[in-house]
Amino acid sequence: IYEELLERTPGDVSLLNNLAYLLATSEIDVVKAEEIAARAYMLAPENGIILDTYGLALIKNRKYEKAEQLLTRAIQTLELSSTAAPYVIYEHLGLALERLNKPQEARAAYERALEIGVDELSDSQKEDIKSRVSRLSRRIF
């Protein structure tokens, strides 16, 4: 359905972003997810949510350094517009940092995700993030 809609409205940033996020999170086609996220980014390079999706697609394609840069920028962009960054952006940043072997920074990002997402995260999501924090804490000390 998304692809049909994109044929009709190829410059629809929300549609591009939603499709890229769906492809990245479901891991149906992570290469295509990155391509579509890049298109959305070209149309809206200062949109924090677009930056997050692009960062996630980059993580799925093992491009962790660029993902870290974009996710950090996503947080900064949202906070500069007086919008709190959603917990998921911090979680994605934690993933990138963990893959870059930056355990302290990754742990801090995951802890921030837990703090922000306290009312939104399911119990299983909280446990997953807490286990990452615990694992990283053992690596640090």
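The values are calculated or read from the model by the stated rules, or taken from the named source; none is laboratory data. Remember, predicted model here, so these are calculated numbers, not experimental data. Note that we place each Cβ from the backbone using ideal geometry, even for glycine, and neighbour counts take in every protein chain shown. SASA here: full protein model, heavy atoms, side chains in, ligands and nucleic acids out. Shrake-Rupley method; radii C 1.70, N 1.55, O 1.52, S 1.80 Å.
Scanning the range 93-105 for residues that are farther than 19 Å from ALA24 by Cβ and either touching a residue at least 60 places away in the same chain (Cβ under 8 Å) or surrounded by 14 or more Cβ atoms within 10 Å (Cβ to Cβ) (or both) yields a total of 3. Residues that are open to solvent by 70 Å² or more (accessible area, probe 1.4 Å), in a helix (DSSP H, G or I) and acidic (Asp, Glu) within the range 1-45 comprise GLU3, GLU4, GLU7, GLU35, listed in sequence order.
Residue count for the range 106-128 satisfying the condition of being surrounded by 17 or more Cβ atoms within 10 Å (Cβ to Cβ) and either farther than 18 Å from LEU51 by Cβ or of a type in the set (Lys, Arg) (or both): 9. With the condition kept exactly as written, say whether any residue in the range 77-92 is out of contact with any Leu (no Cβ under 9 Å at 6 or more places or on another chain) and in contact (Cβ under 8 Å) with a residue 40 or more places away in the chain. Looking through the range 77-92, none of the residues is out of contact with any Leu (no Cβ under 9 Å at 6 or more places or on another chain) and in contact (Cβ under 8 Å) with a residue 40 or more places away in the chain.
Taken together, the residues in the range 90-129 that are touching a helix residue (DSSP H, G or I) at 6+ places or on another chain (Cβ under 7 Å) and in a helix (DSSP H, G or I) amount to 24.
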